[in-house]
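The structure appears right after this line, and notes come after that.
The values are calculated or read from the model by the stated rules, or taken from the named source; none is laboratory data. Since this is a predicted model, take the numbers as computed values, not measurements. Quick reminder, even Gly has a Cβ in these numbers, built from the backbone with ideal geometry, and neighbours come from all protein chains shown. Surface areas here come from the heavy atoms of the whole protein model, side chains and all, with no ligands, DNA or RNA. Shrake-Rupley method; radii C 1.70, N 1.55, O 1.52, S 1.80 Å.
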Amino acid sequence: MSYDSANIFARILRGEIPCRKVYEDAHVLAFHDIQPQAPVHVLVVPRGAYLSWDDFHAAASDAEQAALSRAIGTVARLTGIDAGGYRVISNCGRNGHQEVPHLHVHVLGGRPMGRMVAKAE
Ligand code: AMP
């Protein structure tokens, strides 16, 4: 699958669709998930056109990769979930149940998150 620049996160990054921004820098935008699965549910998105981890690992600069990692910690601090703990999830590809084809990391917290994964159906 190749990158589709019409995906919803690309449109948010271009400012065509609004988001509830939590944090941004030169390489990253973080915003609240529209259907939160926890009291805090933020998506951390690289600005670059990366479909998933495969091309991000291969093609993103060291600065982009560091920025994505750092932004996760920044979001946790800004939303106040750092002290109580939180979960970081990134769904990748078909088996990972990735719905939006632009790399993103979910940061969830504000309540006990339970077991990591449900039993396979
Ligand atoms: P994934 O299954 O990992 O691809 O997750 C995609 C996430 O994007 C879901 O949690 C959706 O609720 C979220 N989402 C979809 N559209 C928007 C939007 N316009 N603004 C914020 N979050 C969105």
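For the stretch 103-111, just list the computed ³J(HN,Hα) in residue order, Karplus coefficients 6.51, -1.76 and 1.60, θ = phi - 60°, integers in Hz, with x standing in for Gly and Pro.
3, 8, 10, 8, 10, 10, x, x, 7
Could you check how much of the accessible area of the stretch 8-103 is carbon and sulfur, as a whole percent, using a 1.4 Å probe?
C and S fraction of accessible area: 50 percent.
Could you give the length gained by full extension between residue 25 and residue 4, i.e. 0.36 nm per residue of separation minus their alpha carbon distance, to one decimal place?
That pair, residue 25 and residue 4, stretches by 5.3 nm at full extension.
Given a 1.4 Å probe, how much area per residue of the stretch 8-103 is accessible, in Å²?
Per residue, the stretch 8-103 has 56 Å² of solvent-accessible surface.
Which order do you get for 33, 62 if you rank them by accessible area with a 1.4 Å probe, largest at the top?
From most accessible down to least: 62, 33.
Taking the simple approach of a point 7 Å from Cα along Cα-to-Cβ for both residue 117 and residue 97, what is their distance in nm?
About 1.1 nm, to one decimal.
Using the crude model of +1 on Lys and Arg Cβ and -1 on Asp and Glu Cβ, and no other charge, please compute the dipole size for the chain relative to its Cα centre, in debye to 20.
440 debye
Answer rounded, prolate or oblate for the stretch 23-121, using the Cα gyration tensor with square roots of eigenvalues a ≥ b ≥ c: rounded when a/c is under 1.5, else prolate when a/b is larger than b/c, else oblate.
Because a/c hits 1.5 or more and a/b fails to exceed b/c, the stretch 23-121 counts as oblate.
Amide H of residue 29: which non-local residues (sequence gap of 5 or more, or other chain) have their own amide H closer than 5 Å, using H built in the peptide plane?
Hits under the 5 Å cutoff: 45, 47.
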